[in-house]
1. Looking at this structure, is Arg73 under 29 Å from the mean Cα position of the chain (by Cα) and under 23 Å from Ala149 (Cβ atoms)?
2. Can you spot a residue in region 66-79 that is open to solvent by less than 10 Å² (accessible area, probe 1.4 Å), hydrophobic (A, V, I, L, M, F, W, C), touching an Asp or Glu at 6+ places or on another chain (Cβ under 8 Å) and in contact (Cβ under 8 Å) with a residue 40 or more places away in the chain?
3. Out of everything in region 108-158 that is part of a loop (DSSP other than H, G, I, E, B) and within 14 Å of the chain's Cα centre (by Cα), what residue ends up being surrounded by the fewest Cβ atoms within 10 Å (Cβ to Cβ)?
4. Could you please tell me which pairs satisfy a Cβ distance under 6 Å, a separation of 6+ or placement on different chains, a first residue in region 23-50 that is within 29 Å of Asp118 (Cα to Cα), and a second residue that is assigned to a helix (DSSP H, G or I) and of a type in the set (Asp, Glu)?
5. Find the residue count for region 56-65, including only residues that are open to solvent by 30 Å² or more (accessible area, probe 1.4 Å) and without any contact (Cβ under 8 Å) to a residue 60 or more places away in the chain.
6. Looking only at region 119-141, how many residues end up being among the β-branched types (Val, Ile, Thr) and touching a Lys or Arg at 6+ places or on another chain (Cβ under 6 Å)?
7. Inspect region 27-49 for any residue being assigned to a helix (DSSP H, G or I) and of a type in the set (S, T, N, Q) and give the result as yes or no.
8. Restricting to region 140-176, name every residue that is in contact with a Leu (Cβ under 8 Å, 6 or more places away or on another chain) and of a type in the set (A, V, I, L, M).
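The values are calculated or read from the model by the stated rules, or taken from the named source; none is laboratory data. Source: prediction; values computed, not measured. Quick reminder, even Gly has a Cβ in these numbers, built from the backbone with ideal geometry, and neighbours come from all protein chains shown. All accessible areas refer to the heavy atoms of the entire protein, side chains included, with ligands and DNA or RNA removed. Shrake-Rupley method; radii C 1.70, N 1.55, O 1.52, S 1.80 Å.
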Amino acid sequence: MTMALFAKQRSQPLNSGFTLLEALIVVALLAILAAIIAPGWLAMLNRQRLNMTQSTALAVMREAQANARREKRIWQACFRVANNRVQSLVQPVAADSSAEGFSCSASAPGWQTLIGEDSDQIAIDTNAGYTNLSKRNDAYSVRFQHNQAVSGQLGKLSFMAVQGGASRRCVVVSTLLGALRTAADDQCKQAAS
């Protein structure tokens, strides 16, 4: 009897795999999930880039402060966008105190991308009220004296994602004594400078 049952099962064709309709339903569900998840994923990547940019810009400003204190002379932190990449430079200010001595020259050696490969995904936010550091020769700068105090005006430097979005990150030079702090989003526009 078992042989007859086995022979009957073998004679029936095997039905395995998915039908075309089932495969299309799975593909449609995956496409819907991707459409829901993608914007959130891109927003998270932009926030991470902005946070990294903010941290690096703060470190660049603190480096200029530390160099000014160590060498007992004015140092400056410079920021610009060149070749669609945010760049920074830390350099001493010329002793002659001429206008050129305070500039962040485009030809100065030492310009570095702020966050490496992703520097082209971030921009300096030039919208009204977001960035108001001193600007010369297409570069924003803040200068520090030997006692770490600000030499010049107070201000803030704000960053935004190139692909849009409302997220912003900024570094604020908030007192003449050289206090630096960070802020995010709407606080960047409202941050006292």
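1. no
2. yes
3. The qualifying residue surrounded by the fewest Cβ atoms within 10 Å (Cβ to Cβ) is Asp125.
4. Short answer, once both residue conditions are applied: Arg49/Asp118.
5. Counting residues in region 56-65 that are open to solvent by 30 Å² or more (accessible area, probe 1.4 Å) and without any contact (Cβ under 8 Å) to a residue 60 or more places away in the chain gives 3.
6. Going through region 119-141 one residue at a time, the tally reaches 1.
7. yes
8. Val142, Ala149, Val150, Leu154, Leu157, Met160, Ala161, Val171, Val172, Val173, Leu176
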